[in-house]
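Laboratory data are not the source of any read-out in this text; all were calculated from the coordinates shown. Owing to the predicted nature of the structure, the values given are computational and were not obtained by experimental measurement. No Cβ is skipped: glycine too gets one built from the backbone with ideal geometry, and neighbour counts run over all protein chains shown.
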Ligand code: PXP
């Protein structure tokens, strides 16, 4: 059984476009949960460009399923996470100029620093996932650093057009998922997934969770968030191994 965690950052991005108080990402989260999402994801960025501290705190109060805080390994945000206590954190690289997260975390060059972060999260019973490239070295490093889960970056897969390149990237994702699964890590996948490219990902047995935002919120503009979430859950259930 594969589950869907809905990223609601894009609702906050729309709110910020007018500097107003609507649409509220908290309302989106509640509706996504009612439609069957098994988790809500938000990214509290250092520059607070979409999700604000207030959103995170209210989400912690209202999310009934699982609250996944995406965050950089930055001391200010670490302290907020240790105070707000999300159910899990997903550690991502963060670059101020990027439009969205651009790639996986460089775990192998930062093992000691990330190990300390994991220990601090575990002291508060917060589950830790690292967002990594489908790369065996990064997965091995994640294990050494003590991560509970890896979220495989599917952005490259999502952007590729050529059949050969696409099948090479799929092989990387499958073998990374297998390696991580055998090593005892839980496995998620995310970034750039949509209602079409999700199908091959559902065939990877080790992938247990998807973290999806942009395509669901985009579809929600036309059909409403309840239907958009339900349609993605149906896609996942109908295509899953
Ligand atoms: N996973 C991670 C780690 C991300 O940074 C993002 C983007 O916020 C997502 C998943 C969701 O990506 P998308 O919005 O393209 O579905």
With Cα springs under 10 Å, the Gaussian network model of the chain assigns the largest mean-square fluctuation among 113, 208, 18 to 18
Highest GNM mean-square fluctuation, the chain, Cα pairs closer than 10 Å: which of 209, 165, 140?
165
Cα-projected label distance for residue 160 with residue 116, points at 7 Å along beta-carbon direction, nm:
3.7 nm
Quick calc: nm separation of the 7 Å Cα→Cβ label points for residue 60 and residue 195 -> 3.6 nm
What is the distance, in nm, between label points placed 7 Å from the Cα along the Cα-to-Cβ direction at residue 178 and at residue 17?
4.3 nm
With n ≥ 4 as the cut-off for DSSP H runs, can you work out [θ] at 222 nm for the chain, using -39500 (n - 2.57) per run divided by the number of residues, rounded to the nearest 500?
-14500 deg cm²/dmol
Regarding the range 154-206, what's the average projected area of the Cα-atom convex hull, expressed in nm²?
3.4 nm²
Cα-based Debye curve of the range 115-241 sampled at q = 0.13, 0.20 Å⁻¹ gives log₁₀ I(q)/I(0) of -0.57, -1.11
Relative contact order of the range 1-54, please, whole-number percent, based on alpha carbon pairs below 8 angstrom and at least 6 residues apart.
44 percent
Determine the relative contact order of the range 149-190: mean sequence separation of Cα pairs under 8 Å and six or more apart, normalised by residue count, in whole percent.
66 percent
Here the relative contact order (percent) of the range 93-241, from C-alpha pairs under 8 Å and at least 6 apart, is 18 percent
The chain, Kirkwood Rh and Cα Rg, ratio Rg/Rh at 0.94
Would you look at the GNM of the chain, springs on alpha carbons closer than 10 Å, and say which of 71, 203, 121 moves the most?
203
Per-residue Cβ contact counts at 10 Å, fewest first, order 222, 157 as 222, 157
